[in-house]
Amino acid sequence: MPQFKCDLIFGGKPITDRLRVNEQIRAREVRVIDDATGKQLGLFPTREAVAMARERNLDLVEVAPNANPPVCRIMDYGKYQYERTKKEREARKSQKVIEVKEIRIRPKTALYHVGFKMNRVRDWLKKGNKVKIRILFRAREITHSQLGRDTLEEIAGDLADIATVEQAPLMDGKSLVMLLGPGAHKGGAEAARRAVRNVRMRPPSGEQIAAMPASTSVEEADDATEGTEVTSETVA
């Protein structure tokens, strides 16, 4: 007979180890608890305890194998498994998957193309997605990172009615990245611009890197040629 794994509660703590059920129980004697009432029924030889459970059309489940003697519950294990599966299914339905889109722009990308891309960004934000804006630098362009920050400052201000600056710009290798989340920026466009303008330009810390979600899809400006990341962030 196969072993089972469940999340029963015993002594106020969840039991997550593999459990023995009925004839799987190896101890000669067990302490029996009635799951319906929570009352201890006493010490019984294991065979007798299994027979008691069978008489009620229930199962004997070993919930504390390391106790002396082991503790078992008389319960409807099949019903428990069904209810647990049902709860897990409902919990998954209540979860919301947030996609993290990404737009990649070069410092010299024409304003026309930037504006076109921002229309896409607005569409994503309206759908509840987060958006990374990444400025890609090539060769010595990195010495003029201020140009990239200026671009991100304008983008933050233009989208302040629908986007919040969740992560101010930070250097990520040879690129500058800003994370926007759905919802108007508190304080409006000027506050959003300040959030970008006042940040110190330096490599990100380990905590900042960990806090930056991975992109689920990437859209590039005409002259950007970097690759695509694929993942997702799930929020309960």
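The values are calculated or read from the model by the stated rules, or taken from the named source; none is laboratory data. In this text, all values refer to a predicted model and were calculated from it rather than measured experimentally. Reconstructed Cβ throughout: ideal geometry from the backbone, glycine too, with neighbour counts over all protein chains shown.
Given the structure, is ARG200 at pLDDT below 85 and not in a helix (DSSP H, G or I)?
Spelling it out, ARG200 is indeed at pLDDT below 85 and not in a helix (DSSP H, G or I).
Given the structure, is ARG149 in a helix (DSSP H, G or I), under 24 Å from GLY187 (Cβ atoms) and charged (D, E, K, R)?
yes
Return the pair list, or none, for Cβ contacts closer than 7 Å from residues in segment 46-64 that are within 13 Å of ARG26 (Cα to Cα) and at pLDDT 90 or above to residues that are surrounded by fewer than 21 Cβ atoms within 10 Å (Cβ to Cβ) and small (Gly, Ala, Ser), at least 6 apart or on different chains.
Final answer for the pair search is THR46/ALA27.
Residues that are surrounded by fewer than 17 Cβ atoms within 10 Å (Cβ to Cβ), at negative phi and over 33 Å from the mean Cα position of the chain (by Cα): list the strands (runs of 3 or more DSSP E) wholly contained in segment 29-145 that include at least 3 such residues.
In segment 29-145, 40-45 are the strands (runs of 3 or more DSSP E) which contain 3 or more residues that are surrounded by fewer than 17 Cβ atoms within 10 Å (Cβ to Cβ), at negative phi and over 33 Å from the mean Cα position of the chain (by Cα).
Answer yes or no as to whether ALA184 is of a type in the set (A, V, I, L, M, F, W, C), modelled with pLDDT under 95, in a helix (DSSP H, G or I) and in the same structural domain as LYS127 (by TED's automatic domain parsing).
Considered against the rule, which asks whether it is of a type in the set (A, V, I, L, M, F, W, C), modelled with pLDDT under 95, in a helix (DSSP H, G or I) and in the same structural domain as LYS127 (by TED's automatic domain parsing), ALA184 comes out as no.
Would you be able to say whether some residue in segment 152-163 is under 24 Å from the mean Cα position of the chain (by Cα) and either touching a residue at least 12 places away in the same chain (Cβ under 8 Å) or within 22 Å of LYS126 (Cβ to Cβ) (or both)?
Scanning segment 152-163, I find at least one residue that is under 24 Å from the mean Cα position of the chain (by Cα) and either touching a residue at least 12 places away in the same chain (Cβ under 8 Å) or within 22 Å of LYS126 (Cβ to Cβ) (or both), so the answer is yes.
If the Cβ limit is 6 Å and pairs must be 6+ apart or interchain, which residue in segment 168-180 that is under 10 Å from ARG200 (Cα atoms) and part of a strand (DSSP E or B) pairs with which residue that is modelled with pLDDT of 90 or more and among the charged types (D, E, K, R)?
none
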